[in-house]
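These notes are about the structure you will find just below.
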Amino acid sequence: MEKSPHKIGFVLGTSPASNNAISVARLANAALDRGHEVVVFLFDDGLYNALPSSSNKCTLKQFHQLIEKGAEVAVCSNMAKTRGISETIVKEGIAYGSLLHFSEMINQCDKVLSFAL
């Protein structure tokens with residue numbers, strides 16, 4: 001009997017320097033390959049995973065591959081604003097979300113995995 005797909009949320013609150021960013025990208029990719037819906041929400045230092053920088057090329061590329069496969073990736077706009085990160089700085093394809101976006105993700109996902117300090 002085939003299992004029905006789930007909606008899986010990933011919450012990432014650590015910087016690109018953390019192994020968490022790569023773990024989220026790999027787990028999300030595996031979930032997509034198995035037919036699940038994937039939502040990734042970046043907050044706190046996890047916001048920096050959505051910014052173009054030489055130290056973040058690998059992680060950002062992986063997040064864009066997730067988007068191309070159908071994942072939704074968003075940053076917390078409230079936290080971004082307090083850090084001086086405007087919507088124009090966030091890489092194309094990554095949504096400038098809100099706490100409402102985050103609460104909807106929590107309510108709509110079957111499972112939510114959090115990667116933070």
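The values are calculated or read from the model by the stated rules, or taken from the named source; none is laboratory data. Just so you know, these numbers come straight off a predicted model, no measurement behind them. All Cβ positions, even for glycine, are placed from backbone atoms using ideal geometry, and neighbour counts span all protein chains on display. Accessible surface areas use protein heavy atoms only, side chains included; no ligands, DNA or RNA. Shrake-Rupley method; radii C 1.70, N 1.55, O 1.52, S 1.80 Å.
With respect to the numbered conditions (1) within 22 Å of Ala28 (Cα to Cα); (2) surrounded by 15 or more Cβ atoms within 10 Å (Cβ to Cβ), which one is the sole condition not fulfilled by Ile106? For Ile106, the exception is condition (2). The lone criterion from (1) without any contact (Cβ under 8 Å) to a residue 60 or more places away in the chain; (2) touching a strand residue (DSSP E or B) at 6+ places or on another chain (Cβ under 8 Å); (3) of a type in the set (S, T, N, Q); (4) within 15 Å of Phe10 (Cβ to Cβ) left unmet by Ser77 is number (4).
Applying the selection to region 59-91, what residues are over 24 Å from Gly35 (Cα atoms) and either assigned to a loop (DSSP other than H, G, I, E, B) or open to solvent by 70 Å² or more (accessible area, probe 1.4 Å) (or both)?
Scanning region 59-91 gives Asn78, Lys81, Thr82, Arg83, Gly84, Ile85, Ser86, Glu87, Thr88, Ile89, Val90, Lys91.
Give region 27-44 a look and list any residue that's charged (D, E, K, R), part of a helix (DSSP H, G or I) and either in contact (Cβ under 8 Å) with a residue 40 or more places away in the chain or closer than 16 Å to Gly9 by Cβ (or both), or say none. Of everything in region 27-44, just one residue is charged (D, E, K, R), part of a helix (DSSP H, G or I) and either in contact (Cβ under 8 Å) with a residue 40 or more places away in the chain or closer than 16 Å to Gly9 by Cβ (or both), namely Asp44.
Condition first: of a type in the set (A, V, I, L, M, F, W, C) and open to solvent by less than 10 Å² (accessible area, probe 1.4 Å). Now tell me which residues in region 32-50 satisfy that. Across region 32-50, the qualifying residues are Val38, Val39, Val40, Phe41, Leu42, Leu47, Ala50.
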